[in-house]
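Take a look at the structure set out below.
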Amino acid sequence: MKIAGCAALVTGANRGLGHAFVEALRSAGVGKIYAAARNTSGVMQDAIVTPVRLDITKPDEVSAAAAACADVDLLINNAGLARFTPALGTPTIENARLEMETNYFGTLSMCRAFAPVLKRNGGGILVNMLSVASFFNMPAQATYSASKAAAWSLTKAVRFELHTQGTRVIGVYAGYIDTDMAADIKNTPKSSAADIAARVVDGIEADAVDIFADKRSREVFDTLRKDDRDFDAKIQMLWNSRAKP
């Protein structure tokens, strides 16, 4: 599908990958971009870009966005949260709750609200920004991995349900991206946000269903399909080497 002339909405659009999506869509010739974020002060409004105040964990704001952005035929669910904490080694489950509220329930709310909008506009495209962490669990980031695994499963569910209305549902997978979210992750390769966004735009136009936006996501997915037990055993060894006795 050619996305030139589309009306797109990007969540989490004020910085990082969301900002990169806005610029990539602009370069691809999208006719209108709704740049949605909890804080829109970082969004530059112009003839193409319209800021939209939106916290995807608040149902009233999601409903208001769906009503205000009724011409959308490309939705990119990019907004996400990462606390990068283990499942058991924290005083409370608050981080897990926050990640699930945003990465799973927030994404679900957006899918539910905009499915009728996309239908009215001919089907369109719904993109969920997931993660290589959707495929496995890294104990130091356990609750984030769990939330992204839930979002991966949700993406499949939405794909099944929206097929008959002609909506193409795309899952996007990537490893670490050089944004504020991963700023505290050291000594590991990171992709640029601009590169990831450009690959997603290319994947949309190539009618992809799943977009492996970097080398790591593709390699991990292929490895797990062959032998997930060996992969998990290596994760266990890494965790054990770092764990306190």
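Here, each number is a calculation from the coordinates, and none is a lab measurement. Small disclaimer: the values here were computed from a predicted structure and weren't measured.
Remark: the range 60-76, residue by residue, has Karplus-estimated 3J(HN,Hα) of 5, 6, 5, 4, 5, 5, 5, 6, 6, 10, 6, 9, 5, 10, 9, 10, 10 Hz, where x stands for each Gly or Pro and the curve is 6.51 cos²θ - 1.76 cosθ + 1.60 at θ = phi - 60°.
Over all directions, how big on average is the projection of the convex hull of the alpha-carbon atoms in the range 111-196, in square nanometres?
On the way: hull surface 26.1 nm².
Taking the Cα atoms of the range 111-196, their convex hull projects to 6.5 nm² on average.
Spatial offset of the range 1-33 relative to the range 35-74 amounts to 12 Å, using the alpha carbon center of each.
Where a ≥ b ≥ c are the square roots of the eigenvalues of the C-alpha gyration tensor, would you call the range 184-235 rounded, which needs a/c under 1.5, or, failing that, prolate if a/b is larger than b/c, or oblate?
Working: a/c = 4.45, a/b = 1.37, b/c = 3.24.
Oblate shape, in that a/c is at least 1.5 and b/c is the bigger or equal ratio.
A helix-only calculation puts the chain at -13500 deg cm²/dmol for mean residue ellipticity at 222 nm, using -39500 (n - 2.57) for each DSSP H run of at least four residues, averaged over all residues.
Angle between the Cα long axis of helix 215-226 and the longest principal axis of the chain, 0 to 90 degrees, nearest 10? The angle comes out near 60 degrees. Once C-alpha pairs closer than 8 Å and six or more residues apart are averaged by separation and normalised to the residue number of the chain, the relative contact order reads 19 percent.
Shown in residue order for the range 198-205 are the 3J(HN,Hα) couplings computed by the Karplus curve 6.51 cos²θ - 1.76 cosθ + 1.60 at θ = phi - 60°: 5, 5, 5, 4, 4, x, 4, 6 Hz (x for Gly and Pro).
Report Rg(Cα)/(2.2 N^0.38 Å) for the chain, keeping two decimals. Please report the intermediate quantities before stating the final value.
Values: Rg = 17.7 Å, N = 245, 2.2 N^0.38 = 17.8 Å.
This ratio for the chain stands at 1.00.
Taking 8 Å as the Cα distance limit and 6 or more residues as the minimum spacing, I'd like the relative contact order of the range 1-117 as a percentage.
Details: 188 pairs, mean separation 30.9, N = 117.
So the answer I get is 26 percent.
For the chain, the longest principal axis of the alpha carbon atoms and the long axis of helix 142-162 meet at an angle near 40°.
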